[in-house]
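The values are calculated or read from the model by the stated rules, or taken from the named source; none is laboratory data. This is a predicted model, so every value here is computed, not measured. Neighbour counts are summed over all protein chains in view; Cβ atoms, including those assigned to glycine, are modelled from backbone coordinates with ideal geometry.
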């Protein structure tokens, strides 16, 4: 499965990571959140990447 890394520059704390994780759990995206690297790793195709980007943006975070 293809892996894509989304950088989330304003994910600064454990609460931020949990907020992103909880939002993405409501979607069909297969993902991992890495707070230390300020990254969300998305597994899948371009559609999954777009869903993840929109979900993260919709809750107030910046995806680079």
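Of note:
- Whichever residue in the range 14-34 is assigned to a helix (DSSP H, G or I) and touching a helix residue (DSSP H, G or I) at 6+ places or on another chain (Cβ under 8 Å) and, among such residues, is nearest to residue 63 (Cα to Cα): 20
- Selection status of residue 30, surrounded by fewer than 13 Cβ atoms within 10 Å (Cβ to Cβ) and touching a residue at least 24 places away in the same chain (Cβ under 8 Å): no
- Here the condition is being at pLDDT 95 or above and surrounded by fewer than 11 Cβ atoms within 10 Å (Cβ to Cβ); of 17, 52, 46, it holds for 46 alone.
- Total residues in the range 22-64 satisfying the condition of being out of contact with any strand residue (DSSP E or B) (no Cβ under 7 Å at 6 or more places or on another chain) and on the phi > 0 side of the Ramachandran plot: the figure is 1.
- For the range 35-56, taking the residues that are part of a strand (DSSP E or B) and under 9 Å from the mean Cα position of the chain (by Cα), the one that is farthest from residue 11 (Cα to Cα) is identified as 42.
- Selection status of residue 11, under 18 Å from residue 62 (Cβ atoms), touching a residue at least 12 places away in the same chain (Cβ under 8 Å), assigned to a loop (DSSP other than H, G, I, E, B) and touching a strand residue (DSSP E or B) at 6+ places or on another chain (Cβ under 9 Å): yes
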